[in-house]
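Colleague: Sharing a structure with you now.
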Amino acid sequence: MNKFSASESFAHGQGARTALLLVQLGTPDEPTPTALRRYLREFLSDPRVVEIPALVWKFILYGIILNVRPRKSAAKYAAIWTKDGSPLRVNSVKQAKLLKGWVGEQGHDVDVVLAMRYGQPSVSSVLRQLREKGMERLLVLPMYPQYAAATSATALDAVFKELALWRNQPEIRTIKHFHDDPGYIDALAAHVNKHWERDGRPEHFVMTFHGVPRRSLTLGDPYHCECLKTGRLLAERLGLTKEQYSLSFQSRFGRAEWLQPYTTTVLAAVAKKVKGRVDVFCPGFIVDCLETLEEIALEGKEDFHAAGGGEYNYIPCINDDGNFIASLGQLALRHMQAWPTKQLAPAEAKVANADLLMQKQAAAALGSTK
């Protein structure tokens, strides 16, 4: 048996495709305990996500967490589920479709596809589909503006793990992060300003990012610094003083210390000192999901009011915003420079097809049947 796999449809002289692979976190297939158990088992078994000795963690995961958390998580997902499915999946599919259209409008012939690090469609299945289409060049874009080992790195791990099994690997490039990309910052600012033009400016603005264990910072993970930079740049673009906004970290899990200040603590403090409206926004999440729609929009509002706060307004994630799609497209095209992605004119296509035919004939003369 061959150790390395190959395309089933490979043929000498076939055209070489370029692909942009968007890798998002993932989502359960449905808001049920069974689906959540399957999803959480894959997610929480990733050593990039939980850096605890394997034997100890397996006892905790299989003995406690997977027997308790799926039912609780399923109820939370049910609260934000849409008729079309998970908000993360729905919004991510829209982004990929719009990005494909934007790239095409700029005159580039690139396959833009979406994969999930956990759940479906898996990274492996999507990459194999691209291989069958003749992919020779691959740009991987983890859909996390700020780099973290538990998000961006594990997305790339999944890509490299699959490609390690291939006989004919594509040329590959990766985008590590885009936390300070001017297009991304401008898109965030325009998105927030659109809401403020309609509703007026709030008295205070809270930016909340997903948290990670504090230990990751001391070990060299740049996530904390990149979140702070995104927050500072966005505040500057919005014309906010340091007194007019707060930055915090949400979604703690377990007993270890995570990045601070915690969002729950910040919201409680803001509730006591701010009399007017408070707007809350999640710049690090590029699509709405459980952590934004349930944890911040619903639970955050309850916590804020319980602490004595007044008007609380959640600003949705950037999702399918046109400015953001354009910024992603520009980012991708910069990383594809020198790759032959331009759509060919009829005369150029004729020459290219002739070259491919010659390659096929040369291979056949050497005995190839493909």
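Colleague: Hey, any hits in region 194-207 for a residue that's part of a helix (DSSP H, G or I), touching a strand residue (DSSP E or B) at 6+ places or on another chain (Cβ under 8 Å) and open to solvent by less than 10 Å² (accessible area, probe 1.4 Å)?
Modeller: no
Colleague: Turning to a different aspect of this structure: Could you give every pair whose Cβ atoms fall below 6 Å, whose first residue belongs to region 327-344 and is at negative phi and among the aliphatic types (A, V, I, L, M), and whose second residue is open to solvent by less than 40 Å² (accessible area, probe 1.4 Å) and not in a loop (DSSP other than H, G, I, E, B), counting only separations of at least 6 or pairs across chains?
Modeller: Here the result reads Leu328/Leu99; Ala332/Leu20; Met336/Leu139, each pair linking region 327-344 to a residue that is open to solvent by less than 40 Å² (accessible area, probe 1.4 Å) and not in a loop (DSSP other than H, G, I, E, B).
Colleague: Here's a follow-up. Filter region 272-311 down to the residues that are part of a loop (DSSP other than H, G, I, E, B) and of a type in the set (Val, Ile, Thr), then identify the one that is surrounded by the fewest Cβ atoms within 10 Å (Cβ to Cβ). It would help to see each step written out before you state the result.
Modeller: At the first step, the residues of region 272-311 found to be part of a loop (DSSP other than H, G, I, E, B) are 274-277, 282-289, 307-311.
From what is left, the residues that are of a type in the set (Val, Ile, Thr) are 274, 286-287.
Details: Val274: 18, Ile286: 24, Val287: 24.
Looking at the filtered set, the residue picked out is Val274.
Colleague: Kindly provide the set of residues from region 105-114 that are of a type outside the set (A, V, I, L, M, F, W, C), touching a residue at least 12 places away in the same chain (Cβ under 8 Å) and not in a strand (DSSP E or B), ordered by number.
Modeller: Step one: list which residues in region 105-114 are of a type outside the set (A, V, I, L, M, F, W, C), which gives 105-109, 111.
Adding the requirement that they be touching a residue at least 12 places away in the same chain (Cβ under 8 Å) leaves 106-109, 111.
Correct list: Gln106, Gly107, Asp109.
Colleague: Let me ask something additional. Quick one: how many residues across region 115-132 are touching a residue at least 60 places away in the same chain (Cβ under 8 Å), part of a strand (DSSP E or B) and open to solvent by 20 Å² or more (accessible area, probe 1.4 Å)?
Modeller: 1
Colleague: Residues in region 253-271: is at least one part of a strand (DSSP E or B) and of a type outside the set (Lys, Arg)?
Modeller: At the first step, the residues of region 253-271 found to be part of a strand (DSSP E or B) are 258, 262.
Within this subset, residues satisfying the condition of being of a type outside the set (Lys, Arg) are 258, 262.
Within region 253-271, one or more residues are part of a strand (DSSP E or B) and of a type outside the set (Lys, Arg).
Colleague: Any chance you could count how many residues in region 328-342 are open to solvent by 70 Å² or more (accessible area, probe 1.4 Å) and under 22 Å from the mean Cα position of the chain (by Cα)? Spell out how you get there, then give the answer.
Modeller: First pass over region 328-342, keeping only residues open to solvent by 70 Å² or more (accessible area, probe 1.4 Å): 330, 334, 337-338, 340, 342.
Filter again for under 22 Å from the mean Cα position of the chain (by Cα), leaving 330, 334.
Qualifying residue count, region 328-342: 2.
Colleague: Is there a residue being exposed (fewer than 14 other Cβ atoms within 10 Å of the Cβ) and outside any loop (DSSP other than H, G, I, E, B) anywhere in region 320-327?
Modeller: Taking region 320-327 and keeping what is exposed (fewer than 14 other Cβ atoms within 10 Å of the Cβ), we get 322.
Imposing the further condition that a residue be outside any loop (DSSP other than H, G, I, E, B) reduces the set to 322.
Within region 320-327, one or more residues are exposed (fewer than 14 other Cβ atoms within 10 Å of the Cβ) and outside any loop (DSSP other than H, G, I, E, B).
Colleague: Here's another thing I want to ask about it. Can you name every residue in region 208-223 that is within 14 Å of Ser152 (Cβ to Cβ) and either part of a helix (DSSP H, G or I) or charged (D, E, K, R) (or both)?
Modeller: If the condition is that a residue be within 14 Å of Ser152 (Cβ to Cβ) and either part of a helix (DSSP H, G or I) or charged (D, E, K, R) (or both), then Ser216, Asp221, Tyr223 are the ones that fit.
Colleague: Looking at region 240-252, can you tell me whether even one residue there is aliphatic (A, V, I, L, M), at pLDDT 95 or above and either surrounded by fewer than 20 Cβ atoms within 10 Å (Cβ to Cβ) or farther than 19 Å from His179 by Cα (or both)?
Modeller: yes
Colleague: Check whether at least one residue in region 323-341 is farther than 30 Å from Val140 by Cβ and touching a helix residue (DSSP H, G or I) at 6+ places or on another chain (Cβ under 6 Å), and report yes or no. First the steps, then the outcome.
Modeller: Within region 323-341, the first condition is being farther than 30 Å from Val140 by Cβ, and the residues that meet it are none.
No: zero hits.
The values are calculated or read from the model by the stated rules, or taken from the named source; none is laboratory data. Given the structure is predicted, the values throughout are model-derived calculations rather than measurements. We place every Cβ from the backbone using ideal geometry, glycine too, and count neighbours over all the protein chains shown. For the accessible areas, the whole protein counts, side chains as well, though only heavy atoms, and no ligand, DNA or RNA atoms are used. Shrake-Rupley method; radii C 1.70, N 1.55, O 1.52, S 1.80 Å.
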